[in-house]
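Trainee: A single structure is presented below for examination.
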Amino acid sequence: MVHPQPNRWLVLATVILAFIPIVIDMTILHIAVPTLTAALGASATEALWIIDIYSLMMAGLLVPMGTLADRVGHRPMMLIGLSVFTIASVMAAFSPAPLLLIAARALMAVGGSMIMPSILALIRQSFEDERERALGLGVWSAVASVGAALGPLAGGALLEHFWWGSVFLINLPVMLVVLPTAWFVLPRQPSKPLGAWNIQQALILILGLIATAYAIKSGFMPTGEGVFGTLTLILGVAMLVWFARIQRASATPMLDLSLFATPVFSVGLLMAFVASGAMAGFELVLAQELQYVFGKTPLDAGLFMLPLAAASAAVSPFSGMLTERFGLRAVATASMGAAAASFFLLGRVSVDASPLIAAALLGLLGTALGCGLLASSVAIMSSAPTDKAGAAGSLEATGYELGAGLGITFFGVLLGAAYHSHFSGAMGVLGMVPATAANSINDAMTAAQTIGGAEGDAIIATATRAFSSAHQTVLGAAALLLGALTILVFCALRHAPRPQEPQG
């Protein structure tokens, strides 16, 4: 008979408390972009890097840090990660320049990637009873959804009363409680000598992701670097291909790419990638429009966006029942189709003139993407062999983080290019306007404040119109992408698990 660990619920409370800042930091900066950009004088490209270096680094580090934790032990890995995350949060709060903030955010991702794999492992180790373990994992899942929902709202509330660095310092009191608690509470488990940890493979993956994202950001933004951006893109893709070849040739790969041979698994991972990317990218664009175009405060913008993330969090407990009742194919297809329709309609509704309609559409989008993420998880885990469930879970988590990072890149780059096109078309009737005003709406606002008077007002009016038009273009492109994914999901999941027949 296995005796339950006496302090298992205290362990659960500790790891969940450690998890809250990690998940909130994935979305808290979305609302702070206008304030942060103005304070640091960041360019449009630098602002994108500040936001999604966190997700891109996490995507590259989650799997290697998880395998390293298996070797050194999850308790020491958690303690080191908490320390790194705390130090990096303080560095980020007091960063005097965009590049230093980007570096601090990257270091936060290093700490977060040490913490996240250990959370689930410690929950599994602490709960021997399957029902208690399911409850613990359910609490973890709920906190993940609620944390993402509260990120923009927390950011808005902090910026209402404090300076931009407060969105990072909010982590400090939580970590000061978690660190000593974790030291005394977390179980000591012996490490497993599973052989060498291949840091070279992790570096190839991270550098490939960063180089590819850098090329997309800098090469296709209005201030693109031409040939250098193209060469960087080639280098990034080559490194990712090299990483894939290493994995296929290795007897003990870091990522088991053989799982992609199953169509249901591949489509599930694609859904996770697109759904998380759509959520993160749209939140960033919407937060900027609410503040730049409609003049809302950060707190008002956070409250306005609440239906999007709240609906996603609220639908999570029921998505599994929907999948059992109607089948994976039906739920996945319907969720992707509803998300496509939501993007299309949101691009044609003024969020300021029709707030109730906009709120309803945000709720529909959040519900659709929430169901889509659950459906993707079902597709991934149901199609993976039992002995490869751990590898499948690692790939799923990587897909979420990579989707969030590249989703912000896709939305941000497309928005910047569309804004530049719309603003440049109107520059001929504005008179003497700095060329930088066409790079981003923040640059236009800065130019308007410098010039002042009627000319400054004209620049602001032109910039807000250009941004609104660019927003509509971005949402239209997102709707087309999700519409194509809907068709792909419907065709590819024809052999997916069907709804269970009612027992007679």
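The values are calculated or read from the model by the stated rules, or taken from the named source; none is laboratory data. Predicted model only: the values in this text are computed from it and were never measured. Heads up, the Cβs are rebuilt from the backbone with ideal geometry, glycines too, and the neighbour counts pull from every protein chain shown.
Trainee: With respect to PRO76, determine if the residue is free of Cβ contacts under 8 Å to residues at least 24 places away in the same chain, out of contact with any Asp or Glu (no Cβ under 9 Å at 6 or more places or on another chain), surrounded by fewer than 24 Cβ atoms within 10 Å (Cβ to Cβ) and not assigned by TED's automatic domain parsing to the domain that holds LEU240.
Mentor: Spelling it out, PRO76 is indeed free of Cβ contacts under 8 Å to residues at least 24 places away in the same chain, out of contact with any Asp or Glu (no Cβ under 9 Å at 6 or more places or on another chain), surrounded by fewer than 24 Cβ atoms within 10 Å (Cβ to Cβ) and not assigned by TED's automatic domain parsing to the domain that holds LEU240.
Trainee: Here is a follow-up. Tell me, yes or no, whether region 96-118 has at least one residue that is surrounded by 20 or more Cβ atoms within 10 Å (Cβ to Cβ) and either outside the structural domain of LEU29 (by TED's automatic domain parsing) or outside any helix (DSSP H, G or I) (or both).
Mentor: No, region 96-118 contains no residue that is surrounded by 20 or more Cβ atoms within 10 Å (Cβ to Cβ) and either outside the structural domain of LEU29 (by TED's automatic domain parsing) or outside any helix (DSSP H, G or I) (or both).
Trainee: List pairs: first in region 147-160 and over 16 Å from LEU286 (Cβ atoms), second aromatic (Phe, Trp, Tyr) and at pLDDT 75 or above, Cβ under 8 Å, 6+ apart or cross-chain?
Mentor: Close Cβ pairs (under 8 Å, with a partner that is aromatic (Phe, Trp, Tyr) and at pLDDT 75 or above) amount to GLY147/PHE19.
Trainee: Scan region 131-140 and tell me whether some residue there is modelled with pLDDT of 70 or more and either in a helix (DSSP H, G or I) or surrounded by fewer than 20 Cβ atoms within 10 Å (Cβ to Cβ) (or both).
Mentor: Within region 131-140 (the criterion being modelled with pLDDT of 70 or more and either in a helix (DSSP H, G or I) or surrounded by fewer than 20 Cβ atoms within 10 Å (Cβ to Cβ) (or both)), the answer is no, since none of the residues qualifies.
Trainee: Further question: Could you tell me whether GLY66 is without any contact (Cβ under 8 Å) to a residue 40 or more places away in the chain, touching a helix residue (DSSP H, G or I) at 6+ places or on another chain (Cβ under 6 Å) and in a helix (DSSP H, G or I)?
Mentor: No; evaluated as a whole, the condition is false for this residue.
Trainee: So, one more: Say whether the condition of being modelled with pLDDT under 85 and either β-branched (Val, Ile, Thr) or assigned by TED's automatic domain parsing to the domain that holds ALA213 (or both) is met by at least one residue in region 411-431.
Mentor: yes
Trainee: Right, something else. Out of ALA88, ALA47, ALA18, which single residue is in contact with a Lys or Arg (Cβ under 8 Å, 6 or more places away or on another chain) and crowded, with 22+ Cβ neighbours inside 10 Å?
Mentor: Just one listed residue meets the conditions, ALA88.
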